[in-house]
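K.L.:
Here it is, the structure, as structure tokens.
The values are calculated or read from the model by the stated rules, or taken from the named source; none is laboratory data. All figures in this text were calculated on a predicted structure; none of them were measured in a lab. Positions of Cβ are generated from backbone atoms using ideal geometry, with glycine treated the same way; all protein chains shown enter the neighbour counts.
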Amino acid sequence: MVRATSHVERLRALGAHLIACDITDREQVTRAISSSSACFVFHLAGLVRVIGTGDYMRVNAGGVETVAQACNEQRDRPVLVLVSSLAAAGPSGRRPTVESNPPVPVSFYGRSKFAGEQMAMQYAYALPITVVRPCVVFGAGDRGMYEVFGPIARSGLHVVGGSGDTRISLVAVADLVECLLLAAEQGERLVPGVSGHGIYFAAAEDVSYFELGMAIARALGKPQPRILRLPGWSMRTIGRFGDAMSQISRRPRWVGSDKIRDVLAGSWTCSSAKARQQLGWSPKATLDDRLGETAQWYRDAHWL
């Protein structure tokens, strides 16, 4: 399923059968899933930036309910793999978050992703559902990480907001796909009332914001970048400016107050021990190698 406005040339070239669909339209979603006769449904649709925060709940929670309901109505119910987010769990503090930790999302986005998980839980009595919570995802085609690569490539500048020694977990999209496939085929399923059951974190390595800049510079073949450290008040000002520009242009910006709220909340790390032990999952390459692959894709696509 794709949006009517999506750029689908690469998907068509890969031979995918595409259905234009609004993820919140119950009739469209039910028709698409019924016609597919799918054994597995991967729910990846969601909003990561919006003009009005109400859209987060409408799509990230309401969309999950629509898909789960459609799956539940099939004669042969498929396995539903819900791609959530580390944002649903909230910041980690000093120790990486594990699946059984109580969720404490701090942003509208994070709360909407957690609400989506709760929507899925309502159908877990009858429908096999597994949730995967990726951390920061990067790789070919990703515009979010490009916003970090770009300044380092152009001017050797790495912008760090808040406390630069806070840590984040990252996973390459290729490794995340492997985790999703394993979760679909042999993962735990959600059990209502049982904390953390049927949920997996997908993470490869943890780095500080400073270390991430150094690693990206290496991937680009650049010298050690200059660090521009922005205090919290300036980051919040940038977020408010992004909000204003989104309202004026009626196009959501990559940086807004909600995103800044997550950035300033502290470390965002998670443990993938459960996925490694139960699914046998592990990244197929190091973080440096994956960043190098991403840099090369940006060059080939003429983004850099």
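K.L.:
Go over the candidates Ala124, Ala183, Ala140, Ala153 one by one and state the one that is at pLDDT 95 or above, hydrophobic (A, V, I, L, M, F, W, C) and within 19 Å of the chain's Cα centre (by Cα).
P.N.:
Ala183
K.L.:
Any idea which of Ala89, Ala38 is among the small types (Gly, Ala, Ser), modelled with pLDDT of 95 or more and in contact with a Pro (Cβ under 6 Å, 6 or more places away or on another chain)?
P.N.:
When all the criteria are applied, what remains is Ala89.
K.L.:
Also: Restricting the first residue to the range 277-295 and requiring it to be touching a residue at least 24 places away in the same chain (Cβ under 8 Å), which pairs with a second residue that is surrounded by 13 or more Cβ atoms within 10 Å (Cβ to Cβ) and of a type in the set (S, T, N, Q) meet a Cβ separation below 8 Å and a spacing of at least six or different chains?
P.N.:
Going by the 8 Å Cβ cut-off, the qualifying pairs are Trp281/Ser272.
Here is a yes/no grid of residues against (1) outside any loop (DSSP other than H, G, I, E, B); (2) of a type in the set (Phe, Trp, Tyr):
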| residue | (1), (2) |
| --- | --- |
| Ser112 | yes, no |
| Ala115 | yes, no |
| Gln118 | yes, no |
| Tyr123 | no, yes |
| Leu127 | no, no |
| Val132 | yes, no |
| Gly141 | no, no |
| Val148 | yes, no |
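K.L.:
Suppose we filter Leu212, Leu176, Leu230, Leu170 for residues that are out of contact with any helix residue (DSSP H, G or I) (no Cβ under 9 Å at 6 or more places or on another chain) and within 30 Å of Arg299 (Cα to Cα); which single one remains?
P.N.:
Leu176
K.L.:
Show me the helices (runs of 4 or more DSSP H) found entirely inside the range 1-104 where at least 1 residues are surrounded by 15 or more Cβ atoms within 10 Å (Cβ to Cβ).
P.N.:
Those helices (runs of 4 or more DSSP H) span 26-36, 62-72, 86-89.
K.L.:
Spot the failing condition for Ala184; the list is (1) aliphatic (A, V, I, L, M); (2) out of contact with any Ser or Thr (no Cβ under 8 Å at 6 or more places or on another chain); (3) crowded, with 18+ Cβ neighbours inside 10 Å, and only one is missed.
P.N.:
Every condition holds for Ala184 apart from (2).
K.L.:
While we're looking at this one, here's another question. Taking Val173 as the residue in question, decide whether it is over 30 Å from Met235 (Cα atoms), of a type in the set (Val, Ile, Thr) and surrounded by fewer than 19 Cβ atoms within 10 Å (Cβ to Cβ).
P.N.:
no
K.L.:
Mind checking which pairs have a first residue in the range 172-190 that is farther than 17 Å from Ala285 by Cα and a second that is among the polar types (S, T, N, Q) and not in a helix (DSSP H, G or I), Cβ under 8 Å, 6 or more apart or different chains?
P.N.:
Ala183/Thr130; Ala184/Thr130; Gly187/Thr130; Glu188/Thr130; Arg189/Thr130; Leu190/Thr130
K.L.:
Right, something else. Of the residues Val41, Val8, Val50, only one is under 20 Å from Ala140 (Cα atoms) and of a type in the set (A, V, I, L, M); which?
P.N.:
Of the residues listed, the single one that is under 20 Å from Ala140 (Cα atoms) and of a type in the set (A, V, I, L, M) is Val8.
K.L.:
Give the residues of the range 8-60 that are in contact with a Phe, Trp or Tyr (Cβ under 7 Å, 6 or more places away or on another chain) and more than 19 Å from Leu82 (Cβ to Cβ), sorted by residue number.
P.N.:
Arg49, Val50, Thr53
K.L.:
Any idea how many residues of the range 260-304 are within 19 Å of Gly213 (Cα to Cα) and assigned to a helix (DSSP H, G or I)?
P.N.:
Total meeting the criteria: 16.
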